Amino acid sequence: MLIAGNWKMFKGAHQAREFAAQITRLDDRSSGVDVVVCPPFVSLQATIQGLGEGSNVSVYAQNVHWELEGAFTGEVSAPMLLELGVKGAIVGHSERRQRFGETDDTVGQRAEAALEAGLAVIACVGETEADREAEETEAVLELQIGAIPEHERLVIAYEPVWAIGTGRTASSEIAQEAHAFIKSLHPTRVLYGGSVNAENARTLLSQPDVDGALVGGASLDAQSFEAICLAAAEIAGE
Ligand code: PGA
């Protein structure tokens with residue numbers, strides 16, 4: 001089971017350090033769960049310092065470029081992340097796909113380079129509401145997944161775009177069906193993302209093919225993030 005908190009463009013260094021110090025308490029109660037937080041680039045170091053030596057909470061970035069260095073204004077490379085002690089990166093989040101021109105091709109390149117450099121990767125896929133209404137969900141997922149490499153350090157996050165930040169979680173049946181489909185294409189762990197919170201986490205995480213969650217809004221509050229991690233630990237222990 002893997003629970004990752006995607007902070008998006010929230011928490012500067014000061015808040016990140018405070019949050020990290022609060023969740024170090026999780027360490028001994030989250031057995032069976034890989035806990036990850038994904039701060040903005042500028043808060044990565046403060047988060048790592050706040051967690052302290054020996055924490056079993058890992059820090060991932062929210063994106064990573066495919067080149068090692070070069071004239072790519074605004075981008076950050078895998079070696080730069082590794083130097084800070086970052087363990088992985090999200091790639092292909094739907095906000096990047098929809099608002100910043102990310103394509104299946106660039107998502108694939110980012111994932112390949114990150115894996116090659118030694119990072120773990122959470123690669124995001126998911127259909128829009130229009131795709132689902134047009135019964136195009138499987139076709140869209142197939143294209144997105146076709147661009148994602150297979151690797152032991154890669155997990156996929158299924159995040160239906162219509163469920164992100166909307167409070168409209170996919171039903172556990174919809175999530176289970178999509179996860180089973182994704183696993184038929186790509187043998188890997190699959191996280192669910194889209195309005196996961198402390199109340200609905202248990203039901204979603206109990207589905208046989210749901211291997212964890214990528215949590216946005218509810219990961220910003222240490223108490224609700226902890227509650228989701230503890231629900232995952234309970235299910236992992238069952
Ligand atoms: P949400 O975001 O939990 O706020 O819906 C999830 C995500 O975008 O990763």
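Some observations on this one:
- Each residue in 191, 220, 26 was given a count of other beta-carbon atoms within 10 angstrom of its own, and listing them fewest first yields 220, 26, 191.
- Relative contact order of the chain, pairs being alpha-carbon contacts under 8 Å that are 6 or more residues apart, as %: 20
- Separation between Cα centres of segment 127-172 and segment 187-238, rounded to whole Å: 17
- Of the residues 11, 183, the one with the fewest other Cβ atoms within 10 Å heads the list, and the complete ranking is 183, 11.
- Of the residues 43, 86, 181, the one whose Cα sits farthest towards the positive end of the charge dipole of the chain is 43 (charges of +1 on Lys and Arg Cβ, -1 on Asp and Glu Cβ, taken about the Cα centre).
- For 209, 105, order by how many other beta-carbon atoms lie within 10 Å, fewest first: 105, 209
- Taking the chain as a Gaussian network of alpha-carbon nodes connected by springs under 10 Å, the highest mean-square fluctuation of the residues 90, 228, 23 belongs to 23.
- On full extension, the segment bounded by residue 138 and residue 55 gains 26.0 nm, given 0.36 nm per residue less the C-alpha separation.
Bear in mind that the values in this text are calculations on the coordinates, not laboratory data. The structure displayed is predicted, hence computed values, not measured ones. No Cβ is skipped: glycine too gets one built from the backbone with ideal geometry, and neighbour counts run over all protein chains shown.
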